[in-house]
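Undergrad: Below is one structure. I have some questions about it.
The values are calculated or read from the model by the stated rules, or taken from the named source; none is laboratory data. Keep in mind that this is a model prediction, so the values were computed, not measured. Cβ sites come from the backbone with ideal geometry, for glycine too, and all protein chains shown count toward neighbours. SASA here: full protein model, heavy atoms, side chains in, ligands and nucleic acids out. Shrake-Rupley method; radii C 1.70, N 1.55, O 1.52, S 1.80 Å.
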Protein chains: 4
Amino acid sequence: MTALLDRSMLALRKTHARPGLELCLHTPVPHVGPRDVLIAVTHAGICGTDRHIYEWDSWSANRVKVGITTGHEFVGRVIAKGDAVWRTQIGDRVSGEGHLGCGSCEPCRTGNAHICEHVDILGIDIDGCFAQYVTLPEENVWPIHKGIPDKIAAVFDPLGNAMHTVMAAGVSGRSVLITGVGIIGLMAVTIARAAGAGTILVTDVDSRRLAIAKELGADHTFEATDHTWPEQAKRLTHNQGPQVLLEMSGHQRAIQDGFSALRNGGTAALLGLPSGPTCLDLPNDIIFKGATVLGINGRKMYETWYQVESFLLAGRLDLDPIVTHEIPIEDYEKGFELMQSGQGIKIVMTLPPNGD
Amino acid sequence: MTALLDRSMLALRKTHARPGLELCLHTPVPHVGPRDVLIAVTHAGICGTDRHIYEWDSWSANRVKVGITTGHEFVGRVIAKGDAVWRTQIGDRVSGEGHLGCGSCEPCRTGNAHICEHVDILGIDIDGCFAQYVTLPEENVWPIHKGIPDKIAAVFDPLGNAMHTVMAAGVSGRSVLITGVGIIGLMAVTIARAAGAGTILVTDVDSRRLAIAKELGADHTFEATDHTWPEQAKRLTHNQGPQVLLEMSGHQRAIQDGFSALRNGGTAALLGLPSGPTCLDLPNDIIFKGATVLGINGRKMYETWYQVESFLLAGRLDLDPIVTHEIPIEDYEKGFELMQSGQGIKIVMTLPPNGD
Amino acid sequence: MTALLDRSMLALRKTHARPGLELCLHTPVPHVGPRDVLIAVTHAGICGTDRHIYEWDSWSANRVKVGITTGHEFVGRVIAKGDAVWRTQIGDRVSGEGHLGCGSCEPCRTGNAHICEHVDILGIDIDGCFAQYVTLPEENVWPIHKGIPDKIAAVFDPLGNAMHTVMAAGVSGRSVLITGVGIIGLMAVTIARAAGAGTILVTDVDSRRLAIAKELGADHTFEATDHTWPEQAKRLTHNQGPQVLLEMSGHQRAIQDGFSALRNGGTAALLGLPSGPTCLDLPNDIIFKGATVLGINGRKMYETWYQVESFLLAGRLDLDPIVTHEIPIEDYEKGFELMQSGQGIKIVMTLPPNGD
Amino acid sequence: MTALLDRSMLALRKTHARPGLELCLHTPVPHVGPRDVLIAVTHAGICGTDRHIYEWDSWSANRVKVGITTGHEFVGRVIAKGDAVWRTQIGDRVSGEGHLGCGSCEPCRTGNAHICEHVDILGIDIDGCFAQYVTLPEENVWPIHKGIPDKIAAVFDPLGNAMHTVMAAGVSGRSVLITGVGIIGLMAVTIARAAGAGTILVTDVDSRRLAIAKELGADHTFEATDHTWPEQAKRLTHNQGPQVLLEMSGHQRAIQDGFSALRNGGTAALLGLPSGPTCLDLPNDIIFKGATVLGINGRKMYETWYQVESFLLAGRLDLDPIVTHEIPIEDYEKGFELMQSGQGIKIVMTLPPNGD
């Protein structure tokens, strides 16, 4: 390990408080504590969050530490480990949970580390995986089954967001409305289909994404700008409205329309993050309806990870239309452009080996 | 029955589209269909809703039919029944569920008539129980156990609102915050205590009601105007916030403060009805918290009624500080005044017999 | 209606306390009470229970009233109705729930009539549907959507058993073991697949049925006589065992093997009825496992019926390999022979019109 | 730490494969790994399991390793820790979870370590806490709140068994039957009362324990030998039977009687361990009833521990009649005699300090 720690590595970092990232060639290899493993990253996915950091919007400027290595979706191989590491072996192919729970609060100690109050997030609070090496506590490491290809293993994190939302809401045998089919929304379509959803309805502003949603199993799609869609959604669900709302847009109007379409007694799972206050008609949207609303944060550790693995190994998910591009990290600017233009959906970057 | 139908009765009615009610002496006895029973009302509780109708606020003006007999909380005796009535006997002492489900929609046919989309409400959509006689479908009749006194039997309806909220949220072994202790909020305090709640925290604008809440089992109370209370609430619950929020005020600020106090992974049950849009910080109030939010409407038919009966017969509820006054219906104006002044909480009116 | 009641009808009845049934040509048309409808049956399914009654085994001899009209699975048209019937129209195409709850017990009044303690069952306690006419309380009538063909509408009852079992257990994203693929077990295979199950494992003594199970979506099948199957089942489910057991055989050995295969923390839903006591190793089968065991009785009224309708209308179920024969009621003996020989699975009988 | 490891300690050990235990004066202090803490035990509770080991029954002879230090209920102070320990401080007063999950199986990684398939149990598989020192992984350590006295802190483990059973079953507002009031059954009485149970019924063979159960909040008690008790239990619960069964006896007859008393739709939580096969009438006991049966193993890590702490700090539990004796470990034989004779219930032993 000594040799490694002396060596430097390539890393995509937020070096200045302005738009853009910098590909640094001589970043120090991260420290490995007694409970940590060091992973040589081979593939890393670009998240919508990374795009926010790249574009340096107001959220990023308030939340992200300048100087950090970005990225939190990845797969790689373990190449070093601390003395107290006990179940992970050098050479294991692994991904990892990017939310690092504090480990001692009530959520952490009751199997709910995804809602830890003191969480550190990879690539936001601590150095991330857009680099040749990343360090993670062994606790956060997820061994990747040999039946799962690298470019899918690299996106377990967002797949997990979608999975957690779908499974928390409970779609089996129920009609489902998905408002917003960005990357995670599209993943939710194929997951909902595999998880036994009844009629699947989808709305978005982007007609290309609606077409992909259909390909992935949506029964009906609506342009979000056609404000008659909640009425159409009701008509297509026995005049009662969908039983489940998966909110993945974070847009006030979509949230309001989604709630108004929701059936009495229905369940709304909220994943999309509005950037400001959201005004709801609580009596009609939630109270009189007897609705159940679930806030969805991250992935359950590690129930969600098992579910993702299980659906993948059973061959039930179709991710080909979603993971559209694989590019070398050196072309990261192209990656962000593909996302911005809408030509790409999920972009996976490959990392060059460092001679280990 | 013929004799009865020829007879007229005393009824407290909304005869004009303006504040006030009218005690009508010669109202026709209501019609009894083949599935209906006719009940001679002996006691009837005044609800906050009745006060809205009395005061003729904008909600009432938009919702309530002028000409209707008001009231929906009551106890009485069955004195006539239709031909297809089969389990109810003349002479039975009964109360009844004031939400009349349509009986044929999905909620009605799956044990969820409390969220029927086509519900008719006693005293709002159809003639109510502030009268010597009221008609109800047998389906809506609830036989009152002989161990339960009349003035308590008369308020099963609001007790049911409180019970449904508490039981839906699940308070057993969990810390509970109740925002707003009007009639139903106070009932929720004694129910939460009986149902096994841990620490019970209460906030309201009225210090007299806070004192009653303490008497009923609240561990700590906060003046709503002291905006440090969410912080205090956190401190009193292992620095994490209460695990359950029972929102019974309908006030935007209380709702916002309640959500901000709620523990990660907590449950919020919303019963109070805001009169306008409510603006929430969805990411921090619900999404990152992984909170569960439940809309609460009416009472479960008839699970909630069984629970109310069961807690009462086990002697676990203290309603004496809540049902403060029993007055003859002729003094109804005094009843509303007692509510308006805050001197009374739940007012029960007695109806004079009509010689049956 | 008078005309009808004077007329007699064809009915398949248990006229003697010995094997066999009798096709009676001049059975009186059943009485129609004020809340009842009279249905002209067009198609009726033969249940395993009917076969028990036909064969007059010890269960039947102890349970079934001699003189009764048999049958409880059907579809037909409403041709008469009582005075208090209010949502059903003459001419409606309907099936119906054969469990007649008492309507006044706690399960009945809380949406759980399927576990009413005083239930009457069509074709067992009261005259059934193997007849040109059957009477049912309107409450028990289920309107059949026009998109559903008669031979499927006729088997909503057993489909409902399978649906209730699958949905109560919760199969979405979980590996499932089905022990016993008689009629309902086979239905459970197609339903589990549609409801989002992961790996589906099936065991039975009959290799033909195992082949059909595969056709319907089972991933792996085991001959029940090969007692290594629980080990194989574990191996095929990440060495942990299936997460869900749907027990549909009622055989002690299958029950024991099923529990031994079940994963820690798994759910077992029991539908099959053992004919004697069942000996379990409670510590290892249930307690140390932290297993959840669910007793499944009938169908939820009417949540299960909505689910059946919903899956059918979405085109998610494959029942063609299950509903194998449609025969005239006059050939009922052939129907039972087809079941006994294993050549047929679900047999639907057609009833001749009676000139209405 | 070196000094400590050289020192020897007093420990109560199973030194021979025959009845009895041996108080060894020169047992080596246990090894402390990088993730472990070393705890100087001050108080330790004697469990029914310890009595089995003492008496060397057939279960013990098959399960327990000769040479082991016994005991798994305790409180003490941390006096040494491994290099990778990070949230525990020297001097902390702690108890600990005696089930050591493997940490890498699905239950362990999904917050369900209580049903780990590869668990090691303190005092059974590895050296336990009837000793001046015990080693535990930091993960298993539970910090004891200063408001909780030692003799209660020493019995968090069995309190946790009772708590897990009561909370898994869900007693709030429901009638409860407890079959068997040994130590954990008695704890379940006071917990059920605090957790909001309705009517509490208790049965046991020992009238002294029934008297204590009444003192702790049971409404009615039955001698188990009076086989009319299930009928009485029905009568006392609205003629329907209790809604919840907490089975804590492990006796076949009690289990059968308990199931027969259980209400349709009820929940049975099984904690008691029968020593052989248990024969059930599955159709009548579970299937037709639509019952839910839960296997209860250990305590949830660490949800149950939080619940125990929370109820204790709220002052809701009465344990004085249960923790009857506090004796020095040197008198351990008297402790077992007190249990055997029924004069004592929970016996807590104190450990002499070792000069640290």
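Undergrad: Go through the range A:191-221 and give me each residue that's of a type in the set (A, V, I, L, M, F, W, C), touching a strand residue (DSSP E or B) at 6+ places or on another chain (Cβ under 8 Å) and surrounded by 22 or more Cβ atoms within 10 Å (Cβ to Cβ).
TA: Selection gives A:A192, A:A195, A:A197, A:I200, A:L201, A:V202, A:A213, A:A218.
Undergrad: Pick from D:R209, D:R235: which is basic (K, R) and either within 11 Å of another protein chain (Cβ to nearest Cβ) or within 23 Å of D:H164 (Cα to Cα) (or both)?
TA: D:R209
Undergrad: If I filter the range C:237-255 down to residues being under 15 Å from C:T179 (Cβ atoms) and over 23 Å from the mean Cα position of the chain (by Cα), which single residue comes out as surrounded by the most Cβ atoms within 10 Å (Cβ to Cβ)?
TA: Out of the qualifying residues, it is C:P242.
Undergrad: Are any residues in the range A:83-102 surrounded by 22 or more Cβ atoms within 10 Å (Cβ to Cβ), small (G, A, S) and more than 30 Å from A:R18 (Cβ to Cβ), and if so, which ones?
TA: The answer is A:S95, A:G101.
Undergrad: In the range C:50-60, what residues are modelled with pLDDT of 95 or more and not acidic (D, E)?
TA: Answer for the range C:50-60, where residues must be modelled with pLDDT of 95 or more and not acidic (D, E): C:R51, C:H52, C:I53, C:Y54, C:W56.
Undergrad: Ok, one more. Determine whether the range A:189-197 contains at least one residue that is in contact (Cβ under 8 Å) with a residue 40 or more places away in the chain, of a type in the set (S, T, N, Q) and in a strand (DSSP E or B).
TA: no
Undergrad: Filter the range A:341-355 for residues that are in contact with a Phe, Trp or Tyr (Cβ under 9 Å, 6 or more places away or on another chain) and open to solvent by 10 Å² or more (accessible area, probe 1.4 Å); which is nearest to A:G182 (Cα to Cα)?
TA: Only one residue fits best here, namely A:L351.
Undergrad: Could you please find all residues in the range A:53-70 being of a type outside the set (G, A, S) and not in a loop (DSSP other than H, G, I, E, B)?
TA: Passing the criteria: A:I53, A:Y54, A:E55, A:W59, A:N62, A:R63, A:T69.
Undergrad: Let me ask something else about it. For the range C:12-26, which positions are in contact with a strand residue (DSSP E or B) (Cβ under 9 Å, 6 or more places away or on another chain) and open to solvent by 50 Å² or more (accessible area, probe 1.4 Å)?
TA: C:H16, C:E22, C:L25, C:H26
Undergrad: Tell me whether the range A:319-327 contains one or more residues that are more than 23 Å from the chain's Cα centre (by Cα) and either at pLDDT 95 or above or within 11 Å of another protein chain (Cβ to nearest Cβ) (or both).
TA: Scanning the range A:319-327 turns up no residue that is more than 23 Å from the chain's Cα centre (by Cα) and either at pLDDT 95 or above or within 11 Å of another protein chain (Cβ to nearest Cβ) (or both).
Undergrad: Here is a further query. Of the numbered conditions (1) modelled with pLDDT of 95 or more; (2) under 13 Å from A:V141 (Cβ atoms); (3) in a loop (DSSP other than H, G, I, E, B), A:V37 satisfies every one except a single condition; which is it?
TA: The failed condition is (3).
Undergrad: Test B:G298 against the stated conditions and say whether it is touching a helix residue (DSSP H, G or I) at 6+ places or on another chain (Cβ under 7 Å), of a type in the set (G, A, S) and either within 14 Å of chain A (Cβ to nearest Cβ) or open to solvent by 30 Å² or more (accessible area, probe 1.4 Å) (or both).
TA: yes
Undergrad: While we're here: Given (1) among the charged types (D, E, K, R); (2) open to solvent by 20 Å² or more (accessible area, probe 1.4 Å); (3) not in a loop (DSSP other than H, G, I, E, B), identify the lone condition not met by B:D50.
TA: (2)
Undergrad: Here's a follow-up. Can you tell me which residue within the range C:269-290, out of those that are charged (D, E, K, R) and facing chain D (nearest Cβ under 7 Å), is least open to solvent (accessible area, probe 1.4 Å)?
TA: Checking each candidate, the answer is C:K289.
Undergrad: So, one more: Which one of A:A261, A:A192 is closer than 30 Å to B:G101 by Cα and not β-branched (V, I, T)?
TA: A:A261
Undergrad: Also, quick follow-up: Take the residues in the range B:64-81 that are open to solvent by 10 Å² or more (accessible area, probe 1.4 Å) and over 18 Å from the mean Cα position of the chain (by Cα), then tell me which one is farthest from B:L25 (Cα to Cα).
TA: Restricting to residues being open to solvent by 10 Å² or more (accessible area, probe 1.4 Å) and over 18 Å from the mean Cα position of the chain (by Cα), the top hit is B:K81.
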